[in-house]
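The values are calculated or read from the model by the stated rules, or taken from the named source; none is laboratory data. Just so it is clear, the model here is predicted, and its values are computed rather than measured. Backbone-built Cβ (ideal geometry, glycine too); neighbour counts: all protein chains shown. In case anyone asks, the SASA skips ligands and DNA or RNA and just uses the protein heavy atoms, side chains included. Shrake-Rupley method; radii C 1.70, N 1.55, O 1.52, S 1.80 Å.
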Amino acid sequence: MGNDISSSMSSMESKLNYLFFISCAIAPLSMVGSSLTLRAIYHHDGPLTTYQRLLGGLSCCDWIMSLALAFGPLPMPSELQEYGVPGAHGTQQTCTAQGFLLHIGCGSFVYSAMLLFYFVLVIRYNVTSRFLVRRVEPVMHVLGVGFFGATAVVGLVWQIFNPSGVQCWVGAMPLGCEDDDAGIECTRGPNVKIFGQWMLVYPYIFWVSFTIVCTMVIALTVYTQYRTRFAHVFKPTSTGTTTTTPLPERSSSMYRMISFRTTPSSSVLNANNNNTTPSRGQEKLLKQAVIQSMLYGLWFLNFSIWALLSFCFHLAGTEMDSLGNHFWLTAIQLTLFPSQGIFNFVIYIRPTYLNIRRTFPTAGRWFAVKEAVWHPFASAQERNQHYSKHSSSHNQHHNSSSQQQRPVQDDPSSTLPWRSAEQVPQEQHCPVPGATTHDDNINQNNTTTIIATNHPCPVASALVLIEEEEPRAAPGDGLRLDASSSNHNASQQQKEKRRQEKESDNQQDEDGIETIA
């Protein structure tokens, strides 16, 4: 009986420590992700797009929220240790500061919803960049910063930010005074129920629902247009066969002609006439924009839906047993809630990573990751220089590792180091009657050959690396050699030209994805 009680207490303590300190491990990683996103946006050449400014606001709010969550229970008043709160070493002032920063950071929810709304305007309605910058974007930033910023000031005036769960946020002091049946007067935060419902719970539910609607609109738009397109391509006949007919004019704005410019100061999407079929490259850019929007929307729903369930329990009047039946719901919520910045950065650099992998397929994934993280907006020339440095360092490492190998033979002379023919001392060559020797002035080439000899001399019997002698051209072969050489040079020039054109196309695709998505 005593062992069961001790094991139960140990399990309870482990769950409690996990809930209180998991944010201390995840939130710093989110801060790193948001910082890298801001760094990539800051180093972008030319004026920023609406997409980048919205993502920058989202990263700033997430960084503030992650900073507050990274401290975990440390800012909570130290007297709460008597109630079983581990790690509480702060004061009421530090607790208020954590709650204030945490509430301002909730602007990331609004920015996530505005980012999805931006994709709806671009993909579904082809709204011009001029209209977005002048009419829509200012309202987005006012909502993202203004609402939770203003409500955070109200929370300071009403003394709302107090210990609440595993950190300081919306609560009242002393603990439990907000319950009507407790009969305890609240010295801090008497209006906690009004503030919590109308300035936190209901706005959170609204913005999550708005994000769900935007994600569904994008998905339905893509599904409807592709279904309409392929329904006209393969048209069944009365005989049961299928005939291919030309595609009709796209009535939806998703397949309107997109005028894309690669200059840094230009806008990305401009609505054009409906009678022009988009090119393959334009459809590719639009497809990447759809993928980016769906990734942002699905990830936001993935980490926000768990907090939404907790709020629904609260509105239904159900007590959540965080250490009992509802432990896993609370654990998933506290694990995913502070990790938004990490995945936002991964989604943001995804098009750049794919473009690098497509341009340099032999460079490896690690090279693509480093380039996408540290040089997301590098030009094609800079990217080629980075690839040359990567290849040279890789080749040097490979050569140094191969030179450390030694031939394994029974002959004791195999322990000698490998040397080129000119490095072997002349007096150690043992001429044998009938054996052929190479002239000292041989023509050097890039290829080498390993020749094993059976000379009675120990040195000659070792494996020696010698340069392969270039065959001498016979008289009259000069014209044939010059022609083959010129054909080879022309072939190399054509390959280099095709490679440069491919890099230019990939760079344009990358620039388009960066500005569209």
Checklist entry - Which of (1) farther than 22 Å from VAL213 by Cβ; (2) under 29 Å from the mean Cα position of the chain (by Cα); (3) at pLDDT below 95 is the odd one out, the single condition VAL122 does not satisfy? => result (1)
Checklist entry - If we keep just the residues of segment 94-113 that are open to solvent by 10 Å² or more (accessible area, probe 1.4 Å) and among the aliphatic types (A, V, I, L, M), which is nearest to LEU200 (Cα to Cα)? => result ILE104
Checklist entry - Within segment 29-71, can you find the residues that are aromatic (Phe, Trp, Tyr) and open to solvent by 10 Å² or more (accessible area, probe 1.4 Å)? => result TYR42, TRP63, PHE71
Item to check | Lone unmet requirement of (1) hydroxyl-bearing (Ser, Thr, Tyr); (2) modelled with pLDDT under 95; (3) touching a Ser or Thr at 6+ places or on another chain (Cβ under 9 Å) for SER209 | outcome: (3)
Checklist entry - On the given criteria, is SER265 in a loop (DSSP other than H, G, I, E, B) and either modelled with pLDDT of 55 or more or surrounded by fewer than 17 Cβ atoms within 10 Å (Cβ to Cβ) (or both)? => result yes
Item to check | Top-ranked residue of segment 206-229 - restricted to ones that are of a type in the set (S, T, N, Q) and closer than 18 Å to LEU143 by Cβ, ranked as surrounded by the most Cβ atoms within 10 Å (Cβ to Cβ) | outcome: THR211
Checklist entry - Do we have any residue at all in segment 372-394 that's within 26 Å of ALA70 (Cβ to Cβ) and surrounded by fewer than 17 Cβ atoms within 10 Å (Cβ to Cβ)? => result yes
Next on the checklist: So the check is Cβ under 8 Å with 6+ separation or different chains; which pairs have a first residue in segment 194-206 that's over 17 Å from TRP158 (Cβ atoms) and a second one that's outside any helix (DSSP H, G or I)?
Outcome noted: TYR204/CYS106
Checklist entry - Hey, does segment 48-60 have a residue that's touching a residue at least 24 places away in the same chain (Cβ under 8 Å), within 34 Å of the chain's Cα centre (by Cα) and under 20 Å from GLY196 (Cβ atoms)? => result no
Checklist entry - Residue check: is PHE300 touching a residue at least 40 places away in the same chain (Cβ under 8 Å), open to solvent by less than 20 Å² (accessible area, probe 1.4 Å) and not small (Gly, Ala, Ser)? => result yes
Next on the checklist: Among the residues in segment 117-127, are any among the basic types (Lys, Arg), open to solvent by 10 Å² or more (accessible area, probe 1.4 Å) and either part of a helix (DSSP H, G or I) or touching a Phe, Trp or Tyr at 6+ places or on another chain (Cβ under 9 Å) (or both)?
Outcome noted: no
Checklist entry - Only one of (1) closer than 25 Å to THR330 by Cα; (2) buried (at least 16 other Cβ atoms within 10 Å of the Cβ); (3) over 34 Å from the mean Cα position of the chain (by Cα) is not met by CYS186, so which one is it? => result (1)
Checklist outcome for this item: Residue hits (segment 151-163; assigned to a loop (DSSP other than H, G, I, E, B) and open to solvent by 30 Å² or more (accessible area, probe 1.4 Å)) are GLN159
Checklist outcome for this item: Of the residues in segment 18-28, those that are out of contact with any helix residue (DSSP H, G or I) (no Cβ under 8 Å at 6 or more places or on another chain) and crowded, with 21+ Cβ neighbours inside 10 Å come to PHE20
Checklist entry - Considering only residues of segment 164-178 that are open to solvent by less than 30 Å² (accessible area, probe 1.4 Å) and within 17 Å of CYS24 (Cα to Cα), which is modelled with the highest pLDDT? => result CYS168
